[in-house]
Amino acid sequence: MGTTASQLDKGMLSEYQELTFLTKQEILLAYKRFSELLPKEETNGLSYRIPMNAILELPELKTNPFNKRICMVFSTSDSHDGSLSFDDFLDLLSAFSDSATLEIKSHYAFRIFDFDDDGTLGRQDLEKLVNCLTGGTVDTSLTPEEMKQLIDNILEESDIDKDGTVNLSEFQHVISRSPDFVS
Amino acid sequence: MSLVTPPVDGSRSSSAARRHRSVRKSSRRIFSSYQDHQQGSSDDEDKEERVDSNDPEELFQNIQFQKEIIANIRSRPWPMRRKLKVLKQAREIVLKYEGRLTRTRGYQTAGADLLKKISRLLYNVVVLFIPWEVRIKKIESHFGSGVASYFIFLRWLFGINIVLTIMTGAFVVLPELLAGAPFGTTRSKTIPKEHMASAQDLDTIWSLGGYLQYSVLFYGYYGRVRKIGSAGYRLPLAYFLVGMAVFAYSFIILLRKMARNSRLSLASASDENFTFCWRVFCAWDYLIGNPEAAESKGAAIVNNIREAIVEEQQKKRETSLAVLISLRILANILVLLSLAGSIYIIYFVVDRSQKLEQEKPELTLWEKNEVSVVVSLITMIAPSAFELVAQLEMYHPRTSLRFQLARVLVLYLGNLYSLIIALLDKVNIMSSSIPWVTSPIVCLQLPPSLSNWSDSSSFLMAAFEKTNRSQQDQCWETYVGQEMLKLSIIDMIFTVASILLIDFIRGLVVRYLSDCCCWDLESKFPEYGEFKIAENVLHLIYNQGMIWMGAFFSPCLPAFNVLKLIGLMYLRSWAVLTCNVPHQQVFRASRSNNFYLAMLLFMLFLCMLPTIFAIARYKPSQHCGPFSGQEKIYDIISETVASDFPLWFSKVMSYVSSPVVVLPAVLLLFMLIYYLQAIARSLKFTNNQLRLQLQTVRFSRECLESVSRCSSLFFHRN
């Protein structure tokens with residue numbers, strides 16, 4: 001690895017280019033940002049896991065209402081604590097990059113919205129989703145009647161097999177028809 | 001979760017694979033690479049395959065399959081560790097078996113590898129050259145993707161204009177500069193004597209006369225010699241072809257982008273409307289990076305959702321219906337009046353400038369630039385006027401935005417068209433006026449009163465020069481080019497002035513005077529301005545329309561537009577970051593929106609028509625330009641075909657362009673269009689059928705389950 005933590009191995013760099021949608025400059029920039037978050041004594045950036053609260057300090061993620069879910073989804077740690085290694089960080093950036101395909105984006109979006117990790121978007125998931133979007137305060141969140149109306153409408157529009165939940169294919173079907181999602 | 005491959009499916013399909021391996025191997029393998037849950041099975045299979053296959057063709061197929069996995073691996077939603085493992089596996093197999101390939105296959109694979117490496121390198125390099133990326137990303141993080149879409153559109157137009165500049169520059173301007181007759185040699189390239197004295201005045205330069213008029217900027221400068229330079233470059237032919245190619249290229253690239261966008265979104269393919277799902281799933285703009293924008297975005301989403309619910313429940317507004325309708329009718333009448341008024345004003349002004357030119361020899365600065373100033377003033381003021389009027393109508397904001405866009409578009413089109421019609425009227429007069437060749441003859445018959453021979457000769461010279469001047473001035477193409485360029489320049493000046501005066505001063509006033517004023521300037525009138533996306537995009541489209549209209553008559557117009565767009569980009573991005581705040585009410589303007597592209601296409605079509613009309617209808621000027629002396633501008637093509645191509649070619653061309661061939665071709669196209677529409681209709685119908693089928697399958701599955709449960713209960717009890 002070398003003495004400085006800011007150098008990425010060339011072999012790894014070409015591997016990462018192969019495996020993600022990022023260009024070489026973007027990967028190097030990501031490594032720089034990642035190593036800024038590392039504690040001072042840690043020299044090997046590739047294997048260290050940054051805890052979730054440090055990741056959430058990044059300005060891009062701070063204001064995002066789904067930041068915790070994003071960390072949980074992309075984290076591959078065994079303890080499910082939302083910590084990200086550099087590999088996970090690159091996965092995150094790749095999924096959100098401009099050149100990522102619609103399938104990747106919709107797949108990860110589904111997982112982010114699936115709050116209870118059961119593989120489908122049920123009523124609780126949708127409720128939590130809307131509450132995240134509208135912010136947590138009392139005056140911005142919806143009343144229970146509005147919430148019920150909204151979720152009924154969503155399920156009516158997207159639930160094709162009428163089982164009361166939105167599964168991955170139904171979600172992808174809806175998303176692929178939207179002109180706004182890809183951006 | 002889909003991370004864990006369901007073992008039941010995996011084992012079932014691997015046994016099936018073992019059974020059918022010898023029969024449908026390759027097709028199933030290619031198919032299975034796009035199936036997530038088959039991956040576990042194909043892993044197992046690979047280990048078996050490694051032992052068996054010795055057949056070189058199979059080997060090659062296997063290697064191709066592995067390479068496909070490698071190429072597509074980034075599209076899999078797996079964590080990095082798994083992707084690395086699969087990648088290593090696939091690479092191992094490729095390395096192991098590549099040595100066993102025959103030589104031709106070996107070269108093939110080596111070539112493909114090299115190509116891949118080069119394309120990746122190229123991609124890394126090309127990304128560096130995308131201009132203004134950092135700037136646009138910064139704007140995106142502050143204002144969201146709506147505002148950034150304006151700048152991305154501007155950048156795309158900049159790309160198109162660069163290509164147009166290269167086309168006109170390389171094929172028309174440069175040859176004329178390098179190999180054409182230099183300035184001052186031919187009649188069309190010299191400034192006439194009476195204009196020589198004033199040729200360097202600021203006045204003349206401003207109205208694009210003098211040295212600018214007799215330069216490569218305009219049509220009149222280009223020589224009519226068929227072949228120039230040592231290589232025999234056919235300039236007139238090139239001029240005509242490049243003029244047509246400008247339009248063709250613009251059409252192609254616009255249609256290609258629209259097709260790509262509609263493939264991405266698939267929204268136009270079906271009329272399904274998932275309003276609620278989209279509002280919730282696609283609501284968050286992941287590009288926002290600062291808290292202020294995030295807050296306003298959050299508030300906007302809440303409003304959005306609430307209004308959707310309200311619409312669904314169909315609550316009506318409380319204003320009385322009669323008042324509302326009468327107000328709306330009034331507003332529409334006002335708008336129509338102003339549109340008609342603006343068209344009339346422009347026509348009147350152009351007419352007046354023609355008359356003034358004929359009556360007075362010297363025009364004031366205002367009179368010379370009247371036309372362009374009036375047009376630009378109208379384009380600045382009218383949209384704001386329309387917005388004020390729209391407040392009378394009390395529509396939903398999204399509907400009123402659409403009305404506003406439609407009205408502004410009609411205004412721009414009306415302006416451009418009335419301008420070009422007025423210009424073409426003048427062109428008609430200029431090109432059909434009889435050249436004053438009879439004048440020297442008339443002078444020769446004057447004799448008796450003139451005693452001094454030198455007197456008469458000088459009189460003759462003066463008469464001859466006057467003929468020349470009137471003939472030289474009869475260069476209508478240069479005149480059209482000049483007007484378009486003038487319009488473009490003045491439009492730029494007005495845009496810059498409006499940004500600085502309106503947005504910047506407004507920002508300064510609100511910021512610094514809010515302390516002295518009695519009410520809070522920042523939250524009530526006048527407030528900081530918001531960036532009006534739709535109107536600015538329309539203005540860009542209008543600008544591009546001007547360029548397309550004038551490109552044939554002024555080959556350097558695209559180059560000027562390139563500089564204009566660069567300046568506009570820097571000025572607007574600075575203005576947006578300094579003087580504007582994020583929108584309170586956010587309405588969708590995403591990148592892949594085909595609406596603006598459709599309007600651009602419409603504008604392109606309409607702006608191409610006047611050029612085509614002028615080419616087909618008017619005789620080119622007798623004494624200037626590359627087509628002087630011909631009956632029609634497009635005669636150059638038939639002349640070239642007749643003289644430079646072999647005889648059979650011109651016979652073939654005359655057959656092809658006769659009605660015998662053209663009419664059946666048009667008929668065939670119509671039939672094709674009808675056929676494709678019929679296919680689209682039937683596909684939509686099939687889509688609906690499949691959806692119903694899904695529901696019935698689920699329903700029947702549930703029935704079966706309940707029946708089996710009942711029967712098991714029944715048997716169990718027994």
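The values are calculated or read from the model by the stated rules, or taken from the named source; none is laboratory data. Remember, predicted model here, so these are calculated numbers, not experimental data. Backbone-built Cβ (ideal geometry, glycine too); neighbour counts: all protein chains shown.
Identify, from the list B:PHE595, B:PHE699, B:PHE645, the residue that is free of Cβ contacts under 8 Å to residues at least 24 places away in the same chain and assigned by TED's automatic domain parsing to the domain that holds B:PHE251.
B:PHE595
Kindly establish whether A:LYS62 is free of Cβ contacts under 8 Å to residues at least 40 places away in the same chain, surrounded by fewer than 16 Cβ atoms within 10 Å (Cβ to Cβ) and facing chain B (nearest Cβ under 9 Å).
yes
Checking the conditions here, which among A:GLU127, A:GLU146 is farther than 21 Å from B:PRO77 by Cβ and at the interface with another protein chain (Cβ under 7 Å from one of its Cβ atoms)?
A:GLU146
State the number of residues belonging to segment B:111-125 that are hydrophobic (A, V, I, L, M, F, W, C) and exposed (fewer than 11 other Cβ atoms within 10 Å of the Cβ).
Total meeting the criteria: 4.
Here's the yes/no breakdown for (1) surrounded by fewer than 19 Cβ atoms within 10 Å (Cβ to Cβ); (2) in contact with a helix residue (DSSP H, G or I) (Cβ under 6 Å, 6 or more places away or on another chain); (3) outside the structural domain of B:CYS607 (by TED's automatic domain parsing):
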residue: B:SER338; (1), (2), (3): yes, no, no
residue: B:LEU356; (1), (2), (3): yes, yes, no
residue: B:LEU365; (1), (2), (3): yes, no, no
residue: B:VAL371; (1), (2), (3): no, yes, no
residue: B:LEU388; (1), (2), (3): yes, no, no
residue: B:GLN391; (1), (2), (3): yes, no, no
residue: B:TYR395; (1), (2), (3): yes, no, no
residue: B:LEU411; (1), (2), (3): no, yes, no
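B:TRP78 fails exactly one of the following numbered conditions: (1) assigned to a helix (DSSP H, G or I); (2) surrounded by 11 or more Cβ atoms within 10 Å (Cβ to Cβ); (3) among the hydrophobic types (A, V, I, L, M, F, W, C). What is the number of that condition?
Among (1) assigned to a helix (DSSP H, G or I); (2) surrounded by 11 or more Cβ atoms within 10 Å (Cβ to Cβ); (3) among the hydrophobic types (A, V, I, L, M, F, W, C), B:TRP78 violates only (1).
Based on this model, can you work out whether B:TYR123 counts as modelled with pLDDT of 85 or more and within 14 Å of chain A (Cβ to nearest Cβ)?
No; evaluated as a whole, the condition is false for this residue.
Looking only at segment B:594-646, how many residues end up being basic (Lys, Arg) and assigned to a loop (DSSP other than H, G, I, E, B)?
Number satisfying all stated conditions: 2.
For segment B:180-265, which helices (runs of 4 or more DSSP H) that fit wholly inside it have 3 or more residues that are of a type outside the set (Ser, Thr, Tyr), crowded, with 20+ Cβ neighbours inside 10 Å and on the phi < 0 side of the Ramachandran plot?
B:235-265
Looking at segment B:82-109 only, could you name the residues that are surrounded by fewer than 12 Cβ atoms within 10 Å (Cβ to Cβ) and at pLDDT 80 or above?
B:LYS88
In the set A:GLN172, A:GLN149, A:GLN124, which member is touching a His at 6+ places or on another chain (Cβ under 8 Å) and assigned to a helix (DSSP H, G or I)?
When all the criteria are applied, what remains is A:GLN172.
Going by the structure shown, is B:GLU140 over 23 Å from B:ARG572 (Cα atoms) and either in contact (Cβ under 8 Å) with a residue 12 or more places away in the chain or crowded, with 18+ Cβ neighbours inside 10 Å (or both)?
no
Can you name the residue in segment B:56-75 that is more than 14 Å from A:TYR16 (Cα to Cα) and either within 13 Å of chain A (Cβ to nearest Cβ) or of a type in the set (Phe, Trp, Tyr) (or both) and, of all such residues, is surrounded by the fewest Cβ atoms within 10 Å (Cβ to Cβ)?
Looking at residues that are more than 14 Å from A:TYR16 (Cα to Cα) and either within 13 Å of chain A (Cβ to nearest Cβ) or of a type in the set (Phe, Trp, Tyr) (or both), I get B:LYS67.
From the list B:SER326, B:SER376, which residue is at pLDDT 70 or above and under 30 Å from B:LEU424 (Cα atoms)?
Only one candidate passes the filter, namely B:SER376.
Return the pair list, or none, for Cβ contacts closer than 6 Å from residues in segment B:325-344 that are closer than 17 Å to B:SER384 by Cα to residues that are acidic (Asp, Glu) and in a helix (DSSP H, G or I), at least 6 apart or on different chains.
Close Cβ pairs (under 6 Å, with a partner that is acidic (Asp, Glu) and in a helix (DSSP H, G or I)) amount to B:ALA331/B:GLU393.
Being more than 19 Å from A:ILE27 (Cα to Cα) and surrounded by 15 or more Cβ atoms within 10 Å (Cβ to Cβ) is the filter here; which residues of segment A:78-99 pass it?
Once the filter is applied, which keeps residues that are more than 19 Å from A:ILE27 (Cα to Cα) and surrounded by 15 or more Cβ atoms within 10 Å (Cβ to Cβ), segment A:78-99 yields A:GLY82, A:SER83.
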